[in-house]
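Read-outs: derived from the displayed coordinates by stated rules, not from any lab. The shown structure was predicted, so the numbers you read here are calculated from the model rather than taken from an experiment. We place every Cβ from the backbone using ideal geometry, glycine too, and count neighbours over all the protein chains shown.
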């Protein structure tokens, strides 16, 4: 079963250029372990032959120094068409951010998919 409902509170936001997504997610006492961060292209396309890269970062305070939790390999247009999601490993961080690197035209959106799988 796939979770097709996304919650606005799980949305890292939309980027039109590489960098950190605009929204920081405060996990509070919750954990995103076993969930994925899904990438969507609400408009435009990936323009880099090597794809784009998604990084999930964590920190203990909202404005502190964020450390990388997990970094994807190259995410290609074909992978996005198939429904790409980067699994989030167990982490102790309360605050999460997403960042996109690579070349794309239009917009890229990163959202936590809360479906835990089997």
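Ranked for footprinting exposure by Cβ neighbours inside 10 Å, fewest first, 75, 108 give 75, 108. Each of 59, 21 was scored by other Cβ atoms within 10 Å of its Cβ. Arranged with the fewest first, they read 59, 21. Take the Cα of residue 45, step 7 Å toward its Cβ, do the same at residue 76, and the gap between the two points is 1.5 nm.
From least to most packed, judged by other beta carbons within 10 angstrom and beginning with the fewest, 35, 79 follow the order 79, 35. GNM remark for the chain: springs join alpha carbons under 10 Å apart, and the peak mean-square fluctuation among 29, 78, 103 falls on 29. Over the chain, dividing the summed -39,500 (n - 2.57) contributions of all DSSP H runs of at least 4 residues by the number of residues returns a 222 nm mean residue ellipticity of -1000 deg cm²/dmol.
Could you tell me what % of all Cα pairs in the chain have separations over 19 Å? Result for the distance tail: 41 percent. Here the relative contact order of the chain, from alpha carbon pairs under 8 Å that lie six or more residues apart, stands at 45 percent.
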